[in-house]
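Worksheet for the structure shown next.
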Amino acid sequence: MASSSRAASGQRVFVVGVGMTKFIRPGRDGNPDYPDMAKQAAKRALTDAGIPYSAVEQVAVGYVYGDSTCGQRAVYEVGLTGIPVYNVNNNCSTGSTALMMARQWVQGGLSQCVMALGFERMEKGSLGAKYTDRTQPMDKHINVMVDKYGFTQAPFAAQMFGNAGKEHMEKYGTTQEQFAKVAHKNHKHSGNNPYSQFRDYYSLEQIVKSPEVHFPLTKLQCCPTSDGAAAAVLCSEEFVVQHGLQDQAVEIIGQAMATDLPSSFEEKSCIKMVGFDMSKTAAQKVYQQTGLTPQDVQVIEVHDCFSCNELLTYEALGLCPPGQGGRLVDEGNVTYGGKWVVNPSGGLISKGHPLGATGLAQCAELCWQLRGMAEARQVPNAKVALQHNLGLGGAAVVTMYRKYNDRSGKVRPNQSSNPDELERFEQQTVTAAATSAGSQLKTESVLEQIKQVLTTKGAEIVSKTGAVYQIDISQAAGQPPRSFTIDLKNGTGSVSQGSAAKPDVTFLMSDEDFVNVTLGKLNPQVAFMQGKMKIKGNMKFATRFTPDLFAPASRL
């Protein structure tokens with residue numbers, strides 16, 4: 001047990017609820033914005049925990065790409081309770097950094113119930129530098145690589161981890177096929193994960209022969225960029241007992257972060273440069289905190305941004321001696337039937353890698369595993385879980401989990417690790433609410449009034465406006481918007497249900513916000529700046545859609 005560690009380090013900390021979105025390809029039309037993804041993940045975590053947002057005392061929000069208070073904007077979709085919100089950025093380890101911050105609040109007695117939330121809305125293609133007019137935070141890392149292997153036109157992250165793999169091959173005789181086997185395993189695992197961005201099965205030959213990105217890495221050994229969000233609710237043992245959450249509570253029994261050590265740069269090693277010693281140091285601290293070793297662990301989620309890094313991480317975590325990672329793969333000891341199941345989720349390589357969400361998605365997967373809720377990817381007899389999340393620049397966070405008791409971790413019908421089931425539960429909730437409140441949107445009443453205005457003033461309004469407007473009214477998370485068309489371009493104007501063939505402007509708003517904008521109760525510019533109104537299309541025409549066009553409607 002970890003009792004001595006707990007006595008020295010404060011209160012016990014438990015994860016009592018987790019939730020996430022499906023991870024999807026970025027840059028596609030129709031992808032949800034970050035507040036919507038964050039809302040879905042956070043609400044799922046709260047539903048899993050069975051507690052209201054009002055019970056949460058602080059929130060740590062992780063993201064890498066976004067403006068300085070995106071964390072607040074995301075959390076405001078869940079509730080406006082005035083609690084502290086902290087924005088966290090630690091490169092690819094951002095999610096587990098937010099998790100660690102949240103844990104420290106409970107561990108130190110500052111709060112009884114907190115949330116860690118992570119999200120990312122990314123661009124297509126490989127990662128690159130955003131600011132070129134100042135010192136790059138990884139200049140020291142890149143210099144180590146350039147001095148040893150030079151620099152090519154390949155994506156810089158693939159070069160860094162690929163060259164670490166190349167060094168491992170030179171030093172220990174590891175083969176390109178052994179790295180490919182890591183990717184083969186993870187793609188196979190992802191077939192059972194409905195959250196995964198990619199669920200296709202690939203043969204080992206297909207992985208080896210896919211386009212080379214940077215030797216020894218091929219395309220199918222590299223993680224994609226992704227959009228997605230994940231969240232976890234953490235609390236104290238007192239809170240667990242008070243709220244009857246013992247059966248679903250998963251304790252964080254050890255956790256440590258390490259940043260770069262002198263060896264990252266002084267040893268002129270690409271293996272050390274990409275975080276081997278950071279990972280090793282953090283893991284050793286966790287083993288010291290818990291009194292456990294890798295032999296006590298059954299299931300592991302590691303940071304496989306590239307197949308090379310997963311193999312290196314086997315050695316850094318102490319699953320095998322240095323140089324033996326390839327043998328571990330060959331012997332089948334990192335998949336079902338072996339000593340450990342590593343990345344049952346499919347890992348970053350196939351599940352996806354929205355930077356701010358990754359660490360919390362790993363947390364969610366391991367909590368589901370320990371609660372016996374992982375369905376087709378369930379690891380038999382999972383009692384202790386280990387998590388590794390790495391960010392160049394650098395930070396490595398290692399976390400160990402164990403369930404509070406041995407009873408089933410699913411205690412209510414609406415708890416699930418399956419997003420399709422969760423969407424059905426959510427839709428049932430929305431349908432029930434609509435049935436009780438009446439299913440007609442307020443927007444429809446306003447549009448009926450606008451129709452009446454157009455019968456007398458339509459020609460005048462069309463001459464002033466000259467545009468077709470599509471109004472998309474947002475629905476519950478996971479549901480498509482309801483669309484209406486206001487044609488102020490043809491004839492005397494018209495209003496109809498459904499999407500316009502070629503709208504000049506599309507507005508996306510909630511039912512209430514559209515009504516308030518149309519009736520002059522909410523200034524359109526204010527609505528846009530607050531994120532309540534999203535606009536696509538010709539901004540000149542958008543500014544012509546004003547409440548005074550439909551003055552009689554304001555008598556509603």
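The values are calculated or read from the model by the stated rules, or taken from the named source; none is laboratory data. Being a predicted model, the structure only gives us computed values, none of them experimental. Here the Cβ positions follow ideal geometry from the backbone for every residue, glycine too, while neighbour counts run over all protein chains shown. Note: areas computed on protein heavy atoms with side chains; ligands, DNA, RNA excluded. Shrake-Rupley method; radii C 1.70, N 1.55, O 1.52, S 1.80 Å.
Heavy atoms only, probe 1.4 angstrom, no DNA, RNA or ligands counted: give me TYR131, TYR404 ranked by accessible area, highest first.
The ranking, largest first, comes out as TYR131, TYR404.
Which of the aspartates and glutamates could a cross-linker bridge to LYS130, judged by Cα under 16 Å and excluding same-chain residues fewer than eight apart?
ASP67, GLU120, ASP139
Do the sum for the chain: with -39,500 (n - 2.57) for every DSSP H run of n ≥ 4, divided by all residues, what is the mean residue ellipticity at 222 nm, to the nearest 500 deg cm²/dmol?
For the chain, the value works out to -11500 deg cm²/dmol.
Computing the accessible area with a 1.4 Å probe over protein heavy atoms, can you report the carbon and sulfur percentage for the chain?
Heavy-atom surface of the chain belonging to carbon and sulfur, 1.4 Å probe: 50 percent.
Per the Cauchy relation, a quarter of the hull surface: what is the mean projected area of the convex hull of the alpha carbons in the range 344-390, in nm²?
3.3 nm²
Enumerate the aspartates and glutamates that LYS403 could reach by cross-link, defined here as Cα to Cα under 18 Å, with residues fewer than 8 away along the same chain left out.
The reachable aspartates and glutamates, counting only those whose Cα sits under 18 Å from LYS403, are ASP48, GLU237, GLU238, ASP247, GLU251, ASP296, GLU301, GLU365, GLU375.
Need the full-extension length gain, LYS521 to GLU177, defined as separation in residues times 0.36 nm minus the C-alpha distance. One decimal, nm.
117.4 nm
Among TYR86, TYR314, TYR65, what's the order by accessible area (1.4 angstrom probe), most exposed first?
Result, largest first: TYR86, TYR65, TYR314.
DSSP loop trypsin sites (Lys or Arg not before Pro) in the range 14-118 with at most 14 other Cβ atoms within 10 Å of their Cβ, which ones?
Those satisfying the criteria are ARG28.
Can you tell me which lysines have their Cα less than 18 Å from the Cα of LYS451? Leave out same-chain residues fewer than eight positions away.
Excluding near neighbours in sequence, the set is LYS442, LYS464, LYS489.
Under a plain spin-label model, where a point goes 7 Å from the Cα along Cα-to-Cβ, how far apart in nm are TYR76 and PHE265?
4.0 nm
Would you tell me the accessible area of THR506, worked out with a 1.4 angstrom probe on the heavy atoms of the protein chains, in Å² to the nearest 10?
Surface accessible to solvent at THR506 totals approximately 30 Å².
Given the Cα-Cα distance of ARG424 and LYS188 and 0.36 nm per residue of separation, how much length would full extension add, in nm?
Once the chain is fully extended between ARG424 and LYS188, it gains 82.3 nm.
Can you work out the FRET efficiency for the pair GLU212 and ASN490, with r the C-beta to C-beta distance and R0 = 56 Å, to the nearest 0.05?
0.55
Which pairs in the list LYS219/LYS410; LYS209/LYS272; LYS148/LYS383; LYS219/LYS540; LYS457/LYS521; LYS22/LYS536 are over 32 Å apart, alpha-carbon to alpha-carbon?
Where the Cα-Cα span goes over 32 Å, the pairs concerned are LYS219/LYS410; LYS148/LYS383; LYS219/LYS540.
How would ILE461, ILE24 rank on accessible area, largest to smallest, probe 1.4 Å?
ILE24, ILE461
Placing +1 at every Lys and Arg Cβ and -1 at every Asp and Glu Cβ, with all other atoms neutral, what dipole size does the range 1-156 have around its Cα centre, in debye to the nearest 20?
With only Lys, Arg, Asp and Glu charged at Cβ, the dipole is about 320 debye.
In the chain, what % of DSSP beta bridges are antiparallel (nearest 5)?
70 percent
What figure in square angstrom, to the nearest 10, would you give for the accessible area of LYS124 with a 1.4 Å probe?
Result for LYS124: roughly 140 Å² accessible.
Please compute the net charge surrounding VAL240, taking Lys and Arg as +1 and Asp and Glu as -1 over other residues with Cβ under 11 Å from its Cβ.
Value of the local net charge: -3.
What net charge is computed for the residues neighbouring PRO137, neighbours being all others with C-beta under 15 Å from the C-beta of PRO137, Lys and Arg scored +1, Asp and Glu -1?
Charge balance near PRO137 sits at 0.
Suppose the chain between GLU123 and ASN31 were pulled fully straight at 0.36 nm per residue; how much longer would it get relative to their current alpha carbon spacing?
Here the segment from GLU123 to ASN31 would lengthen by 31.9 nm.
Using a simple spin-label model with points 7 Å from Cα along the Cα→Cβ vector, what separation in nm is obtained for GLN153 and ARG199?
Those two pseudo-labels are separated by 3.7 nm.
Taking every Cα atom in the chain, find the radius of gyration and the maximum pairwise distance Dmax, and write them in Å.
For the chain, the Cα-based Rg and Dmax read 25.7, 84 Å.
How much accessible surface does TYR76 have with a 1.4 Å probe, in Å² rounded to 10?
Roughly 110 Å² of TYR76 is accessible to a 1.4 Å probe.
All other residues with a Cβ under 10 Å from the Cβ of PHE541 taken together, and with Lys, Arg as +1 and Asp, Glu as -1, what is their net charge?
Every neighbour counted, the sum reads +2.
If r is the Cβ-Cβ distance from LYS219 to GLU331 and R0 is 35 Å, what FRET efficiency results, to the nearest 0.05?
About 0.85, to the nearest 0.05.
With every protein chain present, what is the per residue accessible area of the range 196-240 (1.4 Å probe, Å²)?
40 Å²
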